[in-house]
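Taking it in order: structure first as C-alpha cells, then the write-up.
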Amino acid sequence: MKKLFTNDNFFASMTVIAIIGMLFSDIINWVFLPESRSAIMLDLLSVLCVLFLNMSYKEHSKNAMKCLMGALLMLVIVRPVDMIGVYVSKLPLLVVVMFIYALLAVILFVTHVLINSDRRSSQQYVSLNQWLCLLIFICELLGTLILLPTCEQVIVKLAGIIGALAFACVTASIVCVESRLDAYRIDREAAGWSEEMGYPEGYVHEYEKK
C-alpha cells in the first residue's frame, strides 16, 4: 500500500472526497436529524482540518502538518466514542464495532506519536498505520450498515453511507501525509543523511524538488 499512500493524486482525492462527502452528509443530517447537530460540529472541524492539512502539505509547512494531524487523530478517536455514548443501550452490535473502532484509532494515534518522535524513517509504524486506516474504513462501513435500518428517509441513509466513506477519507489523508513524510526520510537516509552529520554536501531534499 506504500505506493498508494505516497501518491499525491490519491491524497488530493481523499481530501476532496472527505470535504465534499462530509459537507453533503452534514447538511442532510442537519435538516432531517436535528438531534445529531452536536456531532455535525465535530464533522465540520474535521473538514476544516483536512482542508488546512492539504494546504500546509502544499506549502511544505511540517509543523502545521503535525499539529493538524494530531487534531484530526483526536477527532478520529472522539467519533466512535461519541457513537458508543449515544447507542450504548440501543444497538449493542454497533457499540461493539465502535469499541473496536476506538481501539484502532487509539493505536493509530500512538503510532503517529512514535513516528514523529524520531527523525529517522519508521517504515514499520507507517505500514501499520496504513493497515489501521483500512480497518477503520471497515468499521465505518459496518457501523453504517448497522445504523441504516434505523433510518426512515432514503436521503438520510444515503447521507450516512457518504458520510462514512468521507470520514474514512479523513483518516486516509492523515496516513497519506505520514507516508509521504516518511518517504522523504527514506530518501535522505539513502543519500547518506544522519542525525550526527546532517545532509551530505550538495544534497537536495526530495521534498524541496516538488
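The values are calculated or read from the model by the stated rules, or taken from the named source; none is laboratory data. Just so it is clear, the model here is predicted, and its values are computed rather than measured. Cβ: placed from backbone, ideal geometry, glycine included. Neighbour counts: every protein chain shown. To get the accessible areas, we keep the full protein, side chains included, count just its heavy atoms, and leave off ligands, DNA and RNA. Shrake-Rupley method; radii C 1.70, N 1.55, O 1.52, S 1.80 Å.
The criterion of at least 1 residues that are acidic (Asp, Glu) and in contact (Cβ under 8 Å) with a residue 40 or more places away in the chain is met, among helices (runs of 4 or more DSSP H) falling completely within the stretch 1-59, by 8-32, 37-58.
Specify which of the listed residues (Pro34, Pro80) is farther than 23 Å from Arg180 by Cβ and over 20 Å from the mean Cα position of the chain (by Cα). Quick ask: steps written out before the conclusion?
Working: Pro80 fails: over 20 Å from the mean Cα position of the chain (by Cα).
Only one candidate passes the filter, namely Pro34.
Would you check if Ser89 is among the hydroxyl-bearing types (Ser, Thr, Tyr) and either surrounded by 15 or more Cβ atoms within 10 Å (Cβ to Cβ) or at pLDDT 90 or above (or both)?
On the way: among the hydroxyl-bearing types (Ser, Thr, Tyr): yes; either surrounded by 15 or more Cβ atoms within 10 Å (Cβ to Cβ) or at pLDDT 90 or above (or both): no.
Taking the combined requirement at face value, the residue does not satisfy it.
In the stretch 118-133 there is at least one residue that is under 28 Å from Ile28 (Cβ atoms), surrounded by 14 or more Cβ atoms within 10 Å (Cβ to Cβ), out of contact with any strand residue (DSSP E or B) (no Cβ under 8 Å at 6 or more places or on another chain) and among the hydrophobic types (A, V, I, L, M, F, W, C). With respect to Ile162, is the statement that it is of a type in the set (Val, Ile, Thr) and either over 14 Å from the mean Cα position of the chain (by Cα) or more than 22 Å from Cys49 (Cβ to Cβ) (or both) true? For Ile162, the condition - of a type in the set (Val, Ile, Thr) and either over 14 Å from the mean Cα position of the chain (by Cα) or more than 22 Å from Cys49 (Cβ to Cβ) (or both) - is met.
Does the stretch 12-27 contain any residue that is of a type in the set (Asp, Glu) and surrounded by fewer than 14 Cβ atoms within 10 Å (Cβ to Cβ)?
Within the stretch 12-27, the subset of a type in the set (Asp, Glu) is 26.
Checking which are surrounded by fewer than 14 Cβ atoms within 10 Å (Cβ to Cβ) leaves us with none.
Looking for residues that are of a type in the set (Asp, Glu) and surrounded by fewer than 14 Cβ atoms within 10 Å (Cβ to Cβ), one finds none in the stretch 12-27, hence no.
Here Arg79 passes the criteria (1) of a type in the set (Lys, Arg); (2) touching a residue at least 24 places away in the same chain (Cβ under 8 Å); (3) open to solvent by 80 Å² or more (accessible area, probe 1.4 Å) except the one numbered (3). The numbered conditions (1) more than 16 Å from the chain's Cα centre (by Cα); (2) assigned to a helix (DSSP H, G or I); (3) of a type in the set (Gly, Ala, Ser) are all true for Ala64 except (1).
Residues are listed down the side, and each one gets a yes or a no for (1) out of contact with any Asp or Glu (no Cβ under 8 Å at 6 or more places or on another chain); (2) open to solvent by less than 70 Å² (accessible area, probe 1.4 Å); (3) under 14 Å from Met69 (Cβ atoms):
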| position | (1), (2), (3) |
| --- | --- |
| Leu135 | yes, no, no |
| Leu145 | yes, no, no |
| Cys151 | yes, yes, no |
| Val154 | yes, no, no |
| Val177 | yes, yes, yes |
| Leu181 | yes, yes, yes |
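Just checking, how many residues over the stretch 34-66 are more than 24 Å from Gly160 (Cα to Cα) and small (Gly, Ala, Ser)? Of the residues in the stretch 34-66, 3 are more than 24 Å from Gly160 (Cα to Cα) and small (Gly, Ala, Ser).
Looking only at residues that are touching a helix residue (DSSP H, G or I) at 6+ places or on another chain (Cβ under 7 Å) and small (Gly, Ala, Ser) in the stretch 51-76, which one is least open to solvent (accessible area, probe 1.4 Å)? Only one residue fits best here, namely Ser56.
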